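> Can you keep this structure in mind? I'll have questions shortly.
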Amino acid sequence: MFIDTYIAIPLWILSIFGFFCLVLRVYSALDIFRRKKQGTYTLIISARNQEDAVEGVVRSFVLGAGLDSAEEKLLQIVLLDMGSDDDTPKIMENLSRDYSIVRLIEPDDLAVCLKNLV
């Protein structure tokens, strides 16, 4: 009678330990799945008189986002012109027409967006 008890106690301990290991593995799998969904980001680029660099920077981010899409997802690129005197606004406008994830914001529009946030 006591031998059955001595065998049953370790078996119960092992089964409870196995159950907790199973719960932990399921939780970690769900956590990994949730983290993959949270890997989206929005990039904000402000520029003033950067006609030589802005197009290359934006295109490299767009192309890089396509390559690394398994880990992170580039949701949107927001371009903000800070009152340029050169062709930077025209380049930014062309980029916003070329790519659907690129959006151009003028300084006046930024003030309206900030007022809506407050």
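> For residues that are assigned to a helix (DSSP H, G or I) and modelled with pLDDT of 85 or more, scanning just the stretch 36-59, find the one that is surrounded by the fewest Cβ atoms within 10 Å (Cβ to Cβ). Write out each step before concluding.
The initial filter retains those residues of the stretch 36-59 that are assigned to a helix (DSSP H, G or I), namely 36-37, 54-59.
Subsequent filtering for residues that are modelled with pLDDT of 85 or more retains 54-59.
Numbers: V54: 22, E55: 16, G56: 9, V57: 16, V58: 23, R59: 14.
Looking at the filtered set, the residue picked out is G56.
> Find the residue count for the stretch 81-109, including only residues that are over 18 Å from L43 (Cα atoms) and outside any helix (DSSP H, G or I).
Residues that pass the stated criteria total 5.
The values are calculated or read from the model by the stated rules, or taken from the named source; none is laboratory data. Bear in mind that the values here come from a model prediction, so they are computed numbers and not experimental data. For neighbour counting, all protein chains shown are included, and Cβ atoms are generated from backbone atoms with ideal geometry for every residue, glycine included.
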